[in-house]
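Reading through the structure tokens given below for one structure.
The values are calculated or read from the model by the stated rules, or taken from the named source; none is laboratory data. Remember, predicted model here, so these are calculated numbers, not experimental data. Quick reminder, even Gly has a Cβ in these numbers, built from the backbone with ideal geometry, and neighbours come from all protein chains shown.
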Amino acid sequence: MSTADLPAPGPAPGAAPGPVPAERAEAVLPGVKPRPVWSYLRFFRSELRLIFLRRRNLLLLAVTAAFPLLIGIALRLAAPRPGNGGNGPGVAFFNSLAGNGVFLTFIALSSLLILVLPIVVSVVAGDSVAGEAGYGTLRYLLAVPAGRTRLLSVKLLAIAAWGLCATFVVSAVALVVGAILFPVGPVTLLSGVTVPLAEGLLRLLFVTLYVAAAMAALGAVGLAISTLTEHAIGAIAAVMVLVVASEVVDQVPQLAAIGPYLPTHWWLSFDSVLRAPVDTYGLLHGLLSFGVYLVLAGSFAWARFTSADVTS
Amino acid sequence: MTAISTGGLTKRFRGGQLAVDHIDLDVPHGCVYGFLGPNGSGKTTTIRMLLGLAFPTSGRATLLDVPMPGGASQVLHRVGSLVEGPAFYPYLNGEDNLARMDAADRTADPRTAGRRIGAALDRVGLLPAAKKRYRNYSLGMKQRLAIAAGLLRPRELIILDEPTNGLDPQGTREVRTLIRQIAADGTTVFVSSHLLAEVEQICSHVGVMRTGRLVFQGPLAELRRSAAARVTVRTADPEAAAKVLAALGLADALAGSHEASAVLGDAEPEPVCAELVRAGIGVRGFTVDAPSLEDLFVGLTGEGFDVDG
Ligand SMILES: Nc1ncnc2c1ncn2[C@@H]1O[C@H](COP(=O)(O)OP(=O)(O)OP(=O)(O)O)[C@@H](O)[C@H]1O
Ligand SMILES: [Mg+2]
């Protein structure tokens, strides 16, 4: 069987001598100089639009933004008197808040880190690949071809951007609410030293980035879980269960030995930024832990995603 | 130059099911190839392997002379596809869905995206529904959007897995017309279906699958030729009639309860009838039937469902 015995359709036999590509392909496919960086950014932007314009995600973001407001109002109504005693970062923050609205940011971040921020990140991360598999869009993206590694890296970056955005929303709303409801001025750190407001805000920026890094690591774990299934809800639930389980295990004194290896263990270590001198032990271990989780989960996701059949 | 070529392509799923069993596809450039087979015969699995979505257990495959799955990034942008039904983001409208697919394509020109998306929607008649959410599309509209996605750029090969699935007769005709137009542009079309009748009018070549094996492949004309005519003689003495037919050199002479039959082959029917009468067979009826293409197809694929494992 050859092109020669073809009926009607197709080019006439002999019309295209030899392998056709060069000329014909040029005619058929208007030549676009491959610009990998621009095309990558275009794909990334499309991924961001998918995440940020989705109503469910916007709702989640709105609810997240409401928390600092509610916390601020609640604390304003029942403002604890300064120097009320107690210890631990929570109580220390609350005591400091009465003196400076900036502390609302730290209070909001540490309260939302327990569940709300992880949920916000889990929903998007768990949905990332599993959701596409569930809709069936994954097979079409790969047939485009989006490229498996390229697709996965875009997903990971977009999840990290989402986590960063959610964290900054919390910080920003808390900062504004704190400034409205409480006095603002030079910041008295937990260790008693007072620093100028500008430095206080700089420390606040650092804390926010630290939390965003923690959320990026969680996002990578979510992405890895997401490559295992085509049920987005299952992947989302699995990430949340993982977070809660890690937090619970971290509270059990008998399991203290494995504590430092848990994904959530170092999340709240940022309170040392509010002391002078800054105790870098916890911070560096935290960043190391996030990095390790990011690399391990990312590698796992890559190994899985580039070798698995897409049968959805 | 072949559009699609496979050698010993095999897929065994985990759990042991042999979905595709050593198939050697040969789809010449510029043809319309009907990839036929009943439910579960391995058509979609084959297409998934061609597109690099699933990895073969063994064997090789090339698309436009580029080996798959290794060459996916070099060749797939020259190939449009519809695999196992349409699939899009339900919360996006048709236009945004196509924009998303286009954005994933590293070789697509972003400056022309809007124009190309509009042209693709127009080509499948979806322009009026461009701003409607995919969730609210009818089945036919969804199917058309999937075809539009395949037409976002000029392609050299279009792979359509059951593009008429779920369409009404009118929609089926429209898709056929569209396929004809695509083929007229010089694009090779590889279209799967479980109905020969549905693609018979547009195909130049067919491949027929049965439980994972390719049982026929070639130009449609060749399949027609193999539709050999049979003579059937109604008589009170089928055994004797069958003997006469066999003595005349006709193949596959069979005796039934009230009739005998054999493959006519190159013989003329009139002398056969005369010989039967001369041999003293009481001929009550004498017919020559050429099986329809459909009968042949059913003969190749078997009746009913092929579901094993
Ligand atoms: N992921 C999978 N795991 C196990 N078996 C599978 C998988 N996908 C398909 N199969 C099996 O492989 C065989 C071929 O399936 P395939 O979907 O390729 O058939 P098909 O020819 O496309 O059928 P249809 O006309 O119904 O679409 C079937 O028996 C099916 O059960
Ligand atoms: Mg199928």
**Study point:** Flag for B:S204 being within 14 Å of another protein chain (Cβ to nearest Cβ) and away from ligand 1 (no atom under 16 Å from the Cβ)
**Key:** yes
Exercise for review: Name every residue in the stretch A:267-312 that is farther than 21 Å from A:S110 by Cα and among the acidic types (D, E), in order of residue number.
Suggested key: A:D309
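Quickly run through the stretch B:159-190 and pick out the residues that are in a loop (DSSP other than H, G, I, E, B), within 15 Å of ligand 2 (Cβ to nearest atom) and closer than 25 Å to B:D26 by Cβ.
Initial filter on the stretch B:159-190 (in a loop (DSSP other than H, G, I, E, B)): B:162-168, B:185-187.
Next cut, within 15 Å of ligand 2 (Cβ to nearest atom) only: B:162-166.
B:E162, B:P163, B:T164 - these are the residues of the stretch B:159-190 that are in a loop (DSSP other than H, G, I, E, B), within 15 Å of ligand 2 (Cβ to nearest atom) and closer than 25 Å to B:D26 by Cβ.
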Point to revise | Selection status of B:T57, within 25 Å of A:L151 (Cα to Cα) and either near ligand 2 (Cβ under 10 Å from one of its atoms) or away from chain A (no Cβ under 11 Å) (or both) | key: no
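Please verify whether the stretch B:137-144 includes one or more residues that are farther than 30 Å from B:L196 by Cα, in a helix (DSSP H, G or I), more than 16 Å from ligand 2 (Cβ to nearest atom) and not aliphatic (A, V, I, L, M).
Step one: list which residues in the stretch B:137-144 are farther than 30 Å from B:L196 by Cα, which gives none.
Checked against the condition, which is being farther than 30 Å from B:L196 by Cα, in a helix (DSSP H, G or I), more than 16 Å from ligand 2 (Cβ to nearest atom) and not aliphatic (A, V, I, L, M), the stretch B:137-144 yields no hits at all.
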Point to revise | Residues that are within 15 Å of ligand 1 (Cβ to nearest atom) and of a type in the set (D, E, K, R), drawn from the stretch B:1-47 | key: B:K11, B:R12, B:R14, B:D21, B:K43
Check your understanding: When both residues are 6+ apart or on different chains and their Cβ atoms are under 6 Å apart, which pairs have a first residue that lies in the stretch B:30-44 and is under 15 Å from B:T164 (Cα atoms) and within 13 Å of chain A (Cβ to nearest Cβ), and a second that is within 10 Å of ligand 2 (Cβ to nearest atom) and of a type outside the set (K, R)?
Key -> B:T44/B:E84; B:T44/B:D161
Review point. Out of curiosity, is B:E198 in a helix (DSSP H, G or I) and within 16 Å of ligand 2 (Cβ to nearest atom)?
Key: yes
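Within the stretch B:91-98, is even one residue at the interface with chain A (Cβ under 7 Å from one of its Cβ atoms), surrounded by fewer than 24 Cβ atoms within 10 Å (Cβ to Cβ) and modelled with pLDDT of 90 or more? Before the answer, list the steps.
Just the residues of the stretch B:91-98 that are at the interface with chain A (Cβ under 7 Å from one of its Cβ atoms), to begin with: B:91.
Next cut, surrounded by fewer than 24 Cβ atoms within 10 Å (Cβ to Cβ) only: B:91.
Narrowing further to those that are modelled with pLDDT of 90 or more: B:91.
Looking for residues that are at the interface with chain A (Cβ under 7 Å from one of its Cβ atoms), surrounded by fewer than 24 Cβ atoms within 10 Å (Cβ to Cβ) and modelled with pLDDT of 90 or more, one finds at least one in the stretch B:91-98, hence yes.
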Point to revise | Single unsatisfied condition, A:V121 versus (1) away from every other protein chain (no Cβ under 14 Å); (2) touching a Phe, Trp or Tyr at 6+ places or on another chain (Cβ under 6 Å) | key: (2)
